[in-house]
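Have a look at the structure below, then the notes.
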Amino acid sequence: MNKSLNLAVNLAGMKLKNPVIAASGAFGFGREYSNYFDLGRLGGIAVKGLTPLPRKGNPPPRIAETPAGILNSVGLQNPGVHAFIEKEIPFIRKFDTAIIANASGNTVEEYENMVEILSDSDVDAIELNLSCPNVKEGCMSFGSTPEGVGKVVARAKKYAKKPLIVKLTPNVTDITEIARAAEDAGADSVSLINTLLGMAIDAKARRPVLGNITGGLSGPAVKPVALRMVYQVSKAVKIPIIGMGGISCGTDAVEFLLAGASAVMIGTAGFVNPLVWVETIDGLEAYMRENGVHSVTELIGELPLAYSGRLM
């Protein structure tokens with residue numbers, strides 16, 4: 001890395017060596033991808049969504065390819081929070097990267113319990129998942145209204161000893177209302193967007209492709225929506241934003257930073273290119289060198305408020 005470039009960011013008290021984070025879900029706990037590159041290159045890893053007890057997830061089929069993306073209805077399959085603490089944290093701690101635990105629950109009390117347990121573990125931050133569209137209880141049912149978000153975040157915040165990131169769903173009418181509710185309730189940061197609710201149909205068989213009927217759409221197809229929402233939220237809240245949705249290269253990351261994100265998460269692109277995270281870091285460095293940017297923080301929110309007087 002060029003010594004004159006400073007890629008470090010401070011995300012609500014969590015210091016990252018660079019703003020590129022592996023997104024929750026698509027990266028698992030990093031074991032598989034550690035065969036492709038040094039996980040220590042990453043700014044952070046947001047681990048697979050965790051629940052109080054082990055969860056098997058939804059019935060198959062759980063993945064469907066779509067034009068410019070995928071639909072998934074995995075349904076938060078995971079080994080449970082205690083197995084994560086016992087078996088996965090020691091593995092990830094072998095690498096010089098921040099650990100972000102992604103916490104889900106079916107009730108407000110479960111979210112409180114998850115935050116309390118994870119706060120006493122060796123993680124650097126907790127991402128409160130209020131936006132998964134693939135489960136029938138909790139998550140998006142709390143995250144779809146300002147009242148629901150405010151209630152869960154305020155209750156969970158009482159137990160948070162680590163920075164609390166709130167992951168927002170795009171499946172709402174006004175994303176800024178949801179983000180402000182999270183901020184007002186005590187969130188230290190917000191991450192967005194999670195997947196867009198969608199479905200696929202097998203016309204020949206005349207039935208849904210996914211076993212759960214609907215699933216979350218991710219990949220390049222959602223990037224314009226994600227950029228718009230990150231930009232809007234950056235004008236509505238003062239807390240840091242982690243942007244995600246269709247990022248697959250350094251230029252994509254720069255666009256999200258310009259829109260107002262302080263860091264970015266990459267997920268789906270890793271299914272196509274397992275080196276996408278390190279290539280994005282390299283691409284970001286190249287952009288900075290070519291454009292005379294010495295610190296990545298110089299890019300954050302630097303999109304003009306008006307472009308030829310007509311930026312909507």
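The values are calculated or read from the model by the stated rules, or taken from the named source; none is laboratory data. Bear in mind the structure is a predicted one, so any value in this text is a computation, not a measurement. Cβ: placed from backbone, ideal geometry, glycine included. Neighbour counts: every protein chain shown. For the accessible areas, the whole protein counts, side chains as well, though only heavy atoms, and no ligand, DNA or RNA atoms are used. Shrake-Rupley method; radii C 1.70, N 1.55, O 1.52, S 1.80 Å.
Taking the range 153-171 as the region of interest, how many residues are modelled with pLDDT of 95 or more and open to solvent by 30 Å² or more (accessible area, probe 1.4 Å)?
Number satisfying all stated conditions: 7.
Checking Ala203 against (1) without any contact (Cβ under 8 Å) to a residue 24 or more places away in the chain; (2) in contact with a Phe, Trp or Tyr (Cβ under 6 Å, 6 or more places away or on another chain), which single condition isn't satisfied?
(2)
Might you check whether a residue that is buried (at least 23 other Cβ atoms within 10 Å of the Cβ), within 19 Å of Ile165 (Cα to Cα) and in contact with an Asp or Glu (Cβ under 8 Å, 6 or more places away or on another chain) occurs anywhere in the range 21-31?
Yes, there is a match, as at least one residue in the range 21-31 is buried (at least 23 other Cβ atoms within 10 Å of the Cβ), within 19 Å of Ile165 (Cα to Cα) and in contact with an Asp or Glu (Cβ under 8 Å, 6 or more places away or on another chain).
Do we have any residue at all in the range 216-232 that's open to solvent by less than 60 Å² (accessible area, probe 1.4 Å) and either more than 18 Å from Leu192 (Cβ to Cβ) or in contact with a Lys or Arg (Cβ under 9 Å, 6 or more places away or on another chain) (or both)?
No, the range 216-232 contains no residue that is open to solvent by less than 60 Å² (accessible area, probe 1.4 Å) and either more than 18 Å from Leu192 (Cβ to Cβ) or in contact with a Lys or Arg (Cβ under 9 Å, 6 or more places away or on another chain) (or both).
What's the number of the only condition in (1) within 23 Å of Gly30 (Cα to Cα); (2) assigned to a loop (DSSP other than H, G, I, E, B); (3) over 20 Å from the mean Cα position of the chain (by Cα); (4) not basic (Lys, Arg) that Pro61 fails to meet?
All conditions pass for Pro61, except number (1).
Of all residues being in contact with a strand residue (DSSP E or B) (Cβ under 9 Å, 6 or more places away or on another chain) and of a type in the set (Asp, Glu) in the range 111-125, which is surrounded by the fewest Cβ atoms within 10 Å (Cβ to Cβ)? Just the residue, please.
Here the residue is Asp122.
Of everything in the range 49-61, what is out of contact with any helix residue (DSSP H, G or I) (no Cβ under 8 Å at 6 or more places or on another chain), at pLDDT 95 or above and open to solvent by less than 60 Å² (accessible area, probe 1.4 Å)? Give them in sequence order.
Gly49
Given (1) aliphatic (A, V, I, L, M); (2) in a strand (DSSP E or B); (3) more than 17 Å from Ser119 (Cα to Cα), where does Leu76 come up short, assuming only one miss?
Leu76 satisfies all of (1) aliphatic (A, V, I, L, M); (2) in a strand (DSSP E or B); (3) more than 17 Å from Ser119 (Cα to Cα) except (2).
Please work out if Ile239 is open to solvent by 10 Å² or more (accessible area, probe 1.4 Å), more than 30 Å from Asn58 (Cβ to Cβ), in contact with a strand residue (DSSP E or B) (Cβ under 8 Å, 6 or more places away or on another chain) and modelled with pLDDT of 95 or more. Spell out how you get there, then give the answer.
Numbers: open to solvent by 10 Å² or more (accessible area, probe 1.4 Å): yes; more than 30 Å from Asn58 (Cβ to Cβ): yes; in contact with a strand residue (DSSP E or B) (Cβ under 8 Å, 6 or more places away or on another chain): yes; modelled with pLDDT of 95 or more: yes.
So Ile239 fits the description; yes.
Restricting attention to the range 88-110, and to residues there that are open to solvent by 50 Å² or more (accessible area, probe 1.4 Å) and outside any loop (DSSP other than H, G, I, E, B), which single residue is modelled with the highest pLDDT?
Residue satisfying both the conditions and the ranking: Pro90.
How many of the residues in the range 269-293 are in contact with a Gly (Cβ under 8 Å, 6 or more places away or on another chain), crowded, with 18+ Cβ neighbours inside 10 Å and aliphatic (A, V, I, L, M)?
Number of matching residues: 4.
Is there any pair linking a residue in the range 274-288 that is outside any helix (DSSP H, G or I) to one that is open to solvent by 30 Å² or more (accessible area, probe 1.4 Å), with Cβ under 7 Å and at least six apart or on different chains, and which?
Pro274/Tyr36; Leu275/Tyr36
Got at least one residue in the range 73-82 being over 30 Å from Ile201 (Cα atoms) and in contact with a strand residue (DSSP E or B) (Cβ under 8 Å, 6 or more places away or on another chain)? So that I can check it myself, show each step before the final result.
Initially, the range 73-82 is screened for residues over 30 Å from Ile201 (Cα atoms), giving 79-82.
Filter once more, so that each one left must be in contact with a strand residue (DSSP E or B) (Cβ under 8 Å, 6 or more places away or on another chain): 80-81.
Within the range 73-82, one or more residues are over 30 Å from Ile201 (Cα atoms) and in contact with a strand residue (DSSP E or B) (Cβ under 8 Å, 6 or more places away or on another chain).
Quick one: Leu303 ticks every box in (1) in contact with a Leu (Cβ under 6 Å, 6 or more places away or on another chain); (2) in a helix (DSSP H, G or I) bar one, so which box is it?
Answer for Leu303: the failing condition is (2).
Select from the range 189-203 the residues that are β-branched (Val, Ile, Thr) and assigned to a strand (DSSP E or B) and write down the one among them that is surrounded by the fewest Cβ atoms within 10 Å (Cβ to Cβ).
Let us first name the residues in the range 189-203 that are β-branched (Val, Ile, Thr), namely 190, 193, 195, 201.
Among the residues that remain, those that are also assigned to a strand (DSSP E or B) are: 190, 201.
Details: Val190: 32, Ile201: 13.
Out of the qualifying residues, it is Ile201.
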